[in-house]
1. With the condition kept exactly as written, say whether any residue in region 24-38 is among the aliphatic types (A, V, I, L, M) and not in a helix (DSSP H, G or I).
2. Here are the criteria: (1) in contact (Cβ under 8 Å) with a residue 60 or more places away in the chain; (2) surrounded by 14 or more Cβ atoms within 10 Å (Cβ to Cβ); (3) under 20 Å from A138 (Cβ atoms). Tell me which single one H69 does not satisfy.
3. Taking the options A42, A49, A6, A10, name whichever one is of a type in the set (A, V, I, L, M), touching a residue at least 24 places away in the same chain (Cβ under 8 Å) and more than 23 Å from L143 (Cα to Cα).
4. Can you find a residue in region 12-32 that is surrounded by 12 or more Cβ atoms within 10 Å (Cβ to Cβ), in contact with a helix residue (DSSP H, G or I) (Cβ under 7 Å, 6 or more places away or on another chain) and charged (D, E, K, R)?
5. For a quick check of your reading: which helices (runs of 4 or more DSSP H) sit entirely within region 75-188 and have at least 1 residues that are farther than 18 Å from L37 by Cα, modelled with pLDDT under 75 and among the acidic types (D, E)?
Amino acid sequence: MMNWRALILAVRPGIDDERGQLLFAVLSVLTMAVCLLPWRGAWNPQDSAFAPRFCALTLGTLISSYHSHLHGAALLIVPLAAAWAAPTFRFVTRLAIWVSIYSFTFIVIWVTGVLERLAVSLDANVPLWTVWPDQLPAPLFVLAFGLMCLDLMSRPKHEQPDQGRQSVGQQPWRRLADDVLVDGVKQR
């Protein structure tokens, strides 16, 4: 799993259900609140930090989901690709993202390809499962999420979105309306 529940069970394996669910709920609500912090200001899809904000929101959603497994990280493909192209994330954040996504692939390749030499047992009772890092994804994705949010919230003031600006979706219509009205007035 790649969520708070996996991290809670890794730190306190013997935690009872009520306390574990309460702790999970508190951490999830805090994660959701942190996800919203970078979204202050106007909705501006053309802002250079829009893609990184959306990526952090998607990762925060996966971390705060109760039933989120590693294959759910496929939802990060497009937001992560868009965020990677933006200059918002520092090198350390990019490294944490890279490690949280690709380290599991290298672990599986190492175990199945190198240690087991791609061998499959002839015994039908031996499952074909690959050794998978159970709780490892959760802290790596939480670390990447935290670094993403820090990068987004520590942007210089000149890169912060302007609170009084209109959203980009309204600006083209306004320009079009101004052009039509101005052209219509000029023709009369």
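1. Within region 24-38, not a single residue is among the aliphatic types (A, V, I, L, M) and not in a helix (DSSP H, G or I).
2. (2) is the only condition that H69 fails.
3. Answer to the selection: A42.
4. no
5. Where helices (runs of 4 or more DSSP H) fall fully within region 75-188 and carry at least 1 residues being farther than 18 Å from L37 by Cα, modelled with pLDDT under 75 and among the acidic types (D, E), they are 171-187.
The values are calculated or read from the model by the stated rules, or taken from the named source; none is laboratory data. The shown structure was predicted, so the numbers you read here are calculated from the model rather than taken from an experiment. Cβ coordinates were reconstructed from backbone atoms using ideal geometry, including for glycine residues, and neighbour counts include every protein chain displayed.
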